[in-house]
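What follows is calculated from the coordinates using simple rules that are stated; it is not laboratory data. Remember, predicted model here, so these are calculated numbers, not experimental data.
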Amino acid sequence: MRRRSVFILLAGVFFLAVLGVVMLMSTCVFSAHADESNVYREAKRQAFWLGIGVMACGITALIDYRFWKKQVWLILVGTGGLLVLCFVPGIGQMINGERRWIDLGPLQIQPSEFAKLSVVFFLSSWYSLYPDCGKQFFKGFAAPLLLSGMVIALILFEVDIGSTAVLGITVLLSLFVAGVDWKYIGTLLVTGMLGFAGMMLYSPDRIIRLAAFLDPENIDSVRAFSSGFL
């Protein structure tokens, strides 16, 4: 059963990755900014990094999970340090009013992607160390939430609302799987929804993006409404 579950998981990830590349290729063809001499440039670049990611996953899978468990604090603190570097002039890049990238010369990295993994590592390690703490407020809820929230707050200040929402949902699901008391999860869920609504109002362009996804035909009216109301 365990092997079958792993196969289903890998098959799902492979399908989503291939689907993403195919959709990107389709987008490149109809993009107004596409270079006619190299229409599939972006798709090729994404496919290249997909291959790098697959190889990295293979190498990581060969390493004993207990190694990552021992390094979890180093990974979490290191990720926080990378996120802080996004705000350092000359290292962090300001693009469209957002600080998500670190410029390392020929290499540019987005620390929020590492943060997604580090938070999952941390929560997994924490609840494996304290497996029966779900009913305890501090050890089962407040402490892991506070440490994870520090990483999420740094991403939020980058004005990366998408990654903030993804990490917030990930933390919520991790608490649920770990058996944290429902009253704590419910409070966190309501607070998160209110916070997300506040972030949307703080960044009107997010409302426009959401409206474009839900109803592309009426995006002009939504844009006019957002600019006048907000």
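Over segment 57-100, the reciprocal of the mean inverse Cα-Cα separation, the Kirkwood hydrodynamic radius, stands at 12.6 Å. The phi torsions of segment 7-17, fed into the Karplus equation with coefficients 6.51, -1.76 and 1.60 and a -60° offset, translate into couplings of 5, 4, 4, 5, 5, x, 5, 4, 4, 5, 5 Hz, rounded to whole numbers, with Gly and Pro shown as x. The amide H of Trp101, built 1.01 Å from its N in the peptide plane, has Gln93 as neighbours under 5 Å, considering only residues 5 or more places off or on other chains.
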